[in-house]
1. Under the condition of being touching a residue at least 24 places away in the same chain (Cβ under 8 Å) and over 17 Å from residue 28 (Cα atoms), which residue from the stretch 92-107 is surrounded by the most Cβ atoms within 10 Å (Cβ to Cβ)?
2. Can you pull out the residues in the stretch 20-58 that are outside any strand (DSSP E or B) and in contact with a strand residue (DSSP E or B) (Cβ under 8 Å, 6 or more places away or on another chain)?
3. When the residues of the stretch 61-91 are narrowed to those that are modelled with pLDDT under 95 and surrounded by 15 or more Cβ atoms within 10 Å (Cβ to Cβ), which ends up nearest to residue 44 (Cα to Cα)?
4. Just one of the numbered conditions (1) out of contact with any helix residue (DSSP H, G or I) (no Cβ under 9 Å at 6 or more places or on another chain); (2) outside any strand (DSSP E or B); (3) at negative phi is not true of residue 4; which one?
5. Restricting to the stretch 7-19, name every residue that is in contact with a strand residue (DSSP E or B) (Cβ under 6 Å, 6 or more places away or on another chain) and either assigned to a strand (DSSP E or B) or modelled with pLDDT under 95 (or both).
6. I'd like to check something: does the stretch 37-44 contain any residue that is within 22 Å of residue 86 (Cα to Cα) and surrounded by 14 or more Cβ atoms within 10 Å (Cβ to Cβ)?
7. Six or more apart or on different chains, Cβ under 6 Å: which pairs go from a residue in the stretch 38-55 that's without any contact (Cβ under 8 Å) to a residue 24 or more places away in the chain to one that's assigned to a strand (DSSP E or B)? Could you list them?
8. Please specify each residue of the stretch 59-86 satisfying the condition of being more than 18 Å from residue 24 (Cβ to Cβ), in a loop (DSSP other than H, G, I, E, B) and either touching a strand residue (DSSP E or B) at 6+ places or on another chain (Cβ under 7 Å) or in contact (Cβ under 8 Å) with a residue 24 or more places away in the chain (or both).
């Protein structure tokens, strides 16, 4: 990741608009901020997944994901699964390993991509 210079900023996540997205099952609620130049934007999100959330796609975008609350199962297209709970993270590069998110009881994540 190349973080080009941009001004110091503080984000009050309570003041960021929440956007609702439907999964194959359940809902995801995103609060999103972008930082940096147009051609090299860094997206930072706080994402809350409802109980029984299953993403409606296999994601190939790279992320740094940190679990703030709850638990999240990350399913890789090759069949492996990894379960994150509060305080755990995963890191994956762009186009490295397609993954799909599932949360049985809900989760809140901080995601940088």
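1. Ranking the qualifying residues of the stretch 92-107, first place goes to 92.
2. Of everything in the stretch 20-58, those that are outside any strand (DSSP E or B) and in contact with a strand residue (DSSP E or B) (Cβ under 8 Å, 6 or more places away or on another chain) turn out to be 23, 24, 26, 36, 41, 50, 51, 52, 55, 56, 57, 58.
3. Out of the qualifying residues, it is 63.
4. (1)
5. Hit for the stretch 7-19 is 19, nothing else.
6. Yes, the stretch 37-44 contains a residue that is within 22 Å of residue 86 (Cα to Cα) and surrounded by 14 or more Cβ atoms within 10 Å (Cβ to Cβ).
7. Every condition considered, the pairs that remain are 41/34.
8. 62, 86
The values are calculated or read from the model by the stated rules, or taken from the named source; none is laboratory data. Just so you know, these numbers come straight off a predicted model, no measurement behind them. Cβ: placed from backbone, ideal geometry, glycine included. Neighbour counts: every protein chain shown.
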